[in-house]
1. Which of the residues spanning region 101-117 are surrounded by fewer than 19 Cβ atoms within 10 Å (Cβ to Cβ) and either free of Cβ contacts under 8 Å to residues at least 60 places away in the same chain or among the polar types (S, T, N, Q) (or both)?
2. Quick check on my filter: what residues within region 72-92 are under 30 Å from ASP231 (Cα atoms) and part of a loop (DSSP other than H, G, I, E, B)?
3. Scan ARG258, ARG224 and give me the residue that is farther than 27 Å from ALA50 by Cβ and modelled with pLDDT under 60.
4. Going by what's in this entry, would ASP202 be described as loosely packed, with under 13 Cβ neighbours inside 10 Å and either among the small types (Gly, Ala, Ser) or modelled with pLDDT under 65 (or both)?
5. How many of the residues in region 122-163 are part of a strand (DSSP E or B), free of Cβ contacts under 8 Å to residues at least 60 places away in the same chain and either within 24 Å of TYR248 (Cα to Cα) or out of contact with any helix residue (DSSP H, G or I) (no Cβ under 9 Å at 6 or more places or on another chain) (or both)?
6. Which one is farthest from the chain's Cα centre (by Cα), of the residues in region 29-48 that are among the β-branched types (Val, Ile, Thr) and in a strand (DSSP E or B)?
7. Among the residues of region 70-81, is there at least one that is within 28 Å of ALA233 (Cβ to Cβ) and modelled with pLDDT of 90 or more?
8. Looking only at residues in region 178-201 that are touching a helix residue (DSSP H, G or I) at 6+ places or on another chain (Cβ under 6 Å) and touching a residue at least 24 places away in the same chain (Cβ under 8 Å), which one is nearest to GLY40 (Cα to Cα)?
Amino acid sequence: MSFQERVEKRLHRLRADRNWLFVKSLFRPTAIIVSHKRSGFQWFRQICYANLRRHAVMPPGARYQHFNIERVPAKNRLDHNAILLVRDGRDVMVSLFMAATRDGPDGTRVWEGDGTTITFHDFLRTDFMELRNPKREVIRKLNPVDYWAKFHTDWLGNPNVVHVVRYEHLLEDQGTVIRETMRALGYREDEIRPVEIDLDFDKHSPVGKNLPTGYRRKTTGNWRRLFAAEDIAYFEERAGDVLRRLGYETDSAPPLARPA
């Protein structure tokens, strides 16, 4: 085996090691993905890891992946290399609801923790999302709509965020999203060769039989199957402005037929 082959074999082993990202970050700028829960983080992280050759992308459990702005330490490592991954907040609400609950009796859903019945209407209005400080202490709790609006308002105003990626654009044209992300991080055109990643969404999707009628994974617009008219109005009142800032339409179209 030649010297070059031995070096390449050693590098391959290093890349397979979980400490490789730390080693890379000592010499290369670090790209941080920031996203609200249920917004496609795991998929986009894998896309970035496959494409960002000159950046170390934080692994699962990274310090900033779902952090509210108050939780980020004053001495952070964002360094104008943060990517904000966003998703239609109404679809996020549905995904959060399905992930936080399990099948209950007679087609209902129950909280995963204590097993009490919870409707989607009450879920949107329950203060359970926790704002934390760098010491992980709970500052206060918000309902999921207010938390989603605050999370994105804060991060959109952070100067370290250099690029915003929409989950829906990943579904439509992953290659274009990769190119735009790499350009935002300073890659030359001759360095950009998109490597697309297909994720098994069933491993990250809600479980159970009591899903909304017509609910589909790896898609958009599921919110129309769970939002009643009053829920649409509630979300519009509290988060409509943020939704439009992120480029989403708020046409207040009527919901689809809801499950029994």
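The values are calculated or read from the model by the stated rules, or taken from the named source; none is laboratory data. Not measured: the values here are computed from a predicted model. No Cβ is skipped: glycine too gets one built from the backbone with ideal geometry, and neighbour counts run over all protein chains shown.
1. Here is the first cut: in region 101-117, the residues surrounded by fewer than 19 Cβ atoms within 10 Å (Cβ to Cβ) are 102-108, 110-117.
Listed by number, the residues that qualify are PRO105, ASP106, THR108, VAL110, TRP111, GLU112, GLY113, ASP114, GLY115, THR116, THR117.
2. ARG87, ASP88
3. Values: ARG224 fails: modelled with pLDDT under 60.
Every option except ARG258 fails the conditions.
4. Working: loosely packed, with under 13 Cβ neighbours inside 10 Å: yes; either among the small types (Gly, Ala, Ser) or modelled with pLDDT under 65 (or both): yes.
When the stated conditions are applied, ASP202 passes them.
5. Residues in region 122-163 being part of a strand (DSSP E or B), free of Cβ contacts under 8 Å to residues at least 60 places away in the same chain and either within 24 Å of TYR248 (Cα to Cα) or out of contact with any helix residue (DSSP H, G or I) (no Cβ under 9 Å at 6 or more places or on another chain) (or both): 4 in total.
6. So in region 29-48, the residues among the β-branched types (Val, Ile, Thr) come out as 30, 32-34, 47.
If we keep only those that are in a strand (DSSP E or B) as well, we get 30, 32-34.
Working: THR30: 18, ILE32: 12, ILE33: 9, VAL34: 7 Å.
Out of the qualifying residues, it is THR30.
7. Let us first name the residues in region 70-81 that are within 28 Å of ALA233 (Cβ to Cβ), namely none.
Looking through region 70-81, none of the residues is within 28 Å of ALA233 (Cβ to Cβ) and modelled with pLDDT of 90 or more.
8. From region 178-201, those touching a helix residue (DSSP H, G or I) at 6+ places or on another chain (Cβ under 6 Å) are 178, 192, 194-197, 199; that's our starting set.
In the following step, the residues that additionally are touching a residue at least 24 places away in the same chain (Cβ under 8 Å) were identified as 178, 194-197, 199.
Values: ILE178: 15, PRO194: 18, VAL195: 17, GLU196: 15, ILE197: 13, LEU199: 10 Å.
Restricting to residues being touching a helix residue (DSSP H, G or I) at 6+ places or on another chain (Cβ under 6 Å) and touching a residue at least 24 places away in the same chain (Cβ under 8 Å), the top hit is LEU199.
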